[in-house]
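Input: a single structure, listed below in structure tokens.
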Amino acid sequence: MESITDIDDLRAAIRARRARGDSIGFVPTMGALHGGHMGLAAVARQRVACVVMSIFVNPLQFGPAEDFDAYPRPRDADVAAAHAGGVDILFFPTADAMYPAGRAVAISAGDLDSRWEGAARPGHFSGVLTVVAKLFHLVAPDVAFFGQKDIQQVTLIRAMVRDLDFPIALVIVPTVRDADGLALSSRNAYLSPEERRAAVAVPRALRAMLAAWRARGVTDAGMLEALGREVLGATPGVAIEYVGVAEPDRLEPVSAVASGSVAMIAVRVGRTRLIDNVIFDRETRGP
Ligand code: PAF
């Protein structure tokens, strides 16, 4: 595995891979690698000849009161995990290289940013899209891999790729979960053992919503949201930010659930903010 911090070195390494005919797959991350990231790398490994992973804790996507400083940065463990996961090129840019002084242009997320995570975290998606666009230009992959867990991020990146004509195919990989259903997230590391137990209310609520639709044919979004809130509310220490049901393309709220609709939850457990979602379908195992 090549470990690279310099942008010119990255471009040279990718040129060399292209020259020998390799297809390029890209897994962008903020590090603190866990099974979810490694799942993306594993899917990439099967699809392309050269897997590029970036690790960059992107300051643009954190609000002033958010956890940019506290965000875990276990560099040695990340290098070892990327190596073990079959990554060919690990790109670790510095903030100065990514955002030289005098930076004036950013990508706006438009009205897809106005609800759910966009409403809770103003400016977050503009920061995500700006860094992802930059990384797409630097890596110029054939395929990029993202996790379903950040479903609004996926929706916005899909829209950016379409609207700005990036010649990149996107592969969305199902959420990887612990045995009790909790979605893997770098932020799970913030949870105390007691909070970790309480956090399982999130997949439990999504499971209840999915089961009500599948087994009892409940399609009324209001009823399903109320059910999700009831399950979350039964667990002390879980503060609900939103429980919503939306269509999959723009994540606009729906009143009746159909196959492909998405249930989304955001909560706070202690000081930790957790998000998760499930797609209403008949087949997948669910959370
Ligand atoms: O999903 C993430 O880890 C980040 O939002 C991403 C896509 C790497 C951009 O910083």
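The values are calculated or read from the model by the stated rules, or taken from the named source; none is laboratory data. These numbers were taken from a predicted model, which means no experiment stands behind them. Neighbour counts run over all protein chains shown; Cβ positions are idealised from the backbone, glycine included.
Summary of computed values
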| item | result |
| --- | --- |
| Any hit, the stretch 40-53, residues being away from the ligand (no atom under 16 Å from the Cβ), surrounded by fewer than 19 Cβ atoms within 10 Å (Cβ to Cβ), in a loop (DSSP other than H, G, I, E, B) and in contact (Cβ under 8 Å) with a residue 24 or more places away in the chain | yes |
| Qualifying residue in the stretch 10-26 (condition: within 22 Å of THR175 (Cβ to Cβ) and of a type in the set (A, V, I, L, M, F, W, C)) | yes |
| From the options VAL79, VAL131, VAL154, VAL161, residue that is more than 16 Å from the ligand (Cβ to nearest atom), crowded, with 17+ Cβ neighbours inside 10 Å and part of a helix (DSSP H, G or I) | VAL79 |
| Filter result (surrounded by 15 or more Cβ atoms within 10 Å (Cβ to Cβ) and either more than 10 Å from the ligand (Cβ to nearest atom) or closer than 22 Å to THR272 by Cβ (or both)) within the stretch 27-39 | THR29, MET30, GLY31, ALA32, LEU33, HIS34, GLY36, HIS37, MET38, GLY39 |
| Options VAL27, VAL57, VAL43, VAL48; residue that is in contact with a Leu (Cβ under 8 Å, 6 or more places away or on another chain) and aliphatic (A, V, I, L, M) | VAL27 |
| Residue within the stretch 143-165 that is closer than 24 Å to THR5 by Cβ and touching an Asp or Glu at 6+ places or on another chain (Cβ under 8 Å) present | no |
| Test for PHE125: is it within 19 Å of MET53 (Cα to Cα) and within 11 Å of the ligand (Cβ to nearest atom) | no |
| Residue in the stretch 108-117 that is at pLDDT 95 or above, within 13 Å of the ligand (Cβ to nearest atom) and out of contact with any Ser or Thr (no Cβ under 8 Å at 6 or more places or on another chain) present | yes |
| Criterion (in contact with a strand residue (DSSP E or B) (Cβ under 6 Å, 6 or more places away or on another chain), at pLDDT 95 or above and closer than 22 Å to GLY260 by Cβ) met by exactly one of ALA169, ALA159, ALA199, ALA211 | ALA169 |
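Yes/no matrix, rows are residues, columns are (1) in a helix (DSSP H, G or I); (2) in contact (Cβ under 8 Å) with a residue 12 or more places away in the chain; (3) in contact with a Phe, Trp or Tyr (Cβ under 7 Å, 6 or more places away or on another chain):
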residue: HIS137; (1), (2), (3): yes, no, no
residue: ARG196; (1), (2), (3): yes, yes, no
residue: ALA205; (1), (2), (3): yes, yes, no
residue: LEU210; (1), (2), (3): yes, yes, yes
